[in-house]
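Take a look at the structure set out below.
The values are calculated or read from the model by the stated rules, or taken from the named source; none is laboratory data. Keep in mind that this is a model prediction, so the values were computed, not measured. Methodologically, a virtual Cβ is constructed for each residue, glycine included, from the backbone with ideal geometry; neighbour enumeration extends over all protein chains shown.
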Amino acid sequence: MSNMQVYRTLDEFYPFYLSEHSNHTCRLLHFIGTTIVIALLLAAAITQTWWLVPAALVQAYTFAWIGHFFFEHNKPATFTYPRLSFLGNWRMWWEILTNKILI
């Protein structure tokens, strides 16, 4: 029997997600990486330079994993909860952008 928590909604999952991102440097790295994703995806769409799409994904995970492995010292939640972690990252990014969460 698995001890893994089952989350049905982002609202249920999000407090756990934030607890896995309590280190300010880790949050900052996620914010920077996600912001770069937006810029690269926009650049890809505007210039039709499609290799920027996989580059955006690689750099996003690089920033996030550096945050987890070197600052947060935990395993990224995306390994266990990929869909909810993806959504949680965007919610955290928005809440940092709008000053609901401090980095």
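Annotations for the structure displayed:
- Against the list (1) in contact (Cβ under 8 Å) with a residue 24 or more places away in the chain; (2) more than 16 Å from the chain's Cα centre (by Cα), the condition ILE66 fails is (2).
- Taking residues in region 87-103 that are within 16 Å of TYR7 (Cβ to Cβ), and partners anywhere that are of a type outside the set (Gly, Ala, Ser) and in a loop (DSSP other than H, G, I, E, B), the pairs with Cβ atoms closer than 7 Å and at least 6 places apart or on different chains are MET92/HIS21; MET92/ILE101.
- Of the residues screened, PHE31 is one that is crowded, with 19+ Cβ neighbours inside 10 Å and of a type in the set (A, V, I, L, M, F, W, C).
- Each residue in region 1-25 was checked for being among the charged types (D, E, K, R) and either part of a loop (DSSP other than H, G, I, E, B) or modelled with pLDDT under 95 (or both), and 2 pass.
- Looking only at region 62-103, and only at residues there that are more than 13 Å from PHE31 (Cα to Cα) and β-branched (Val, Ile, Thr), the one that is surrounded by the fewest Cβ atoms within 10 Å (Cβ to Cβ): THR80
- Verdict on LEU40 being surrounded by 12 or more Cβ atoms within 10 Å (Cβ to Cβ), under 17 Å from TRP90 (Cα atoms) and in contact (Cβ under 8 Å) with a residue 40 or more places away in the chain: no
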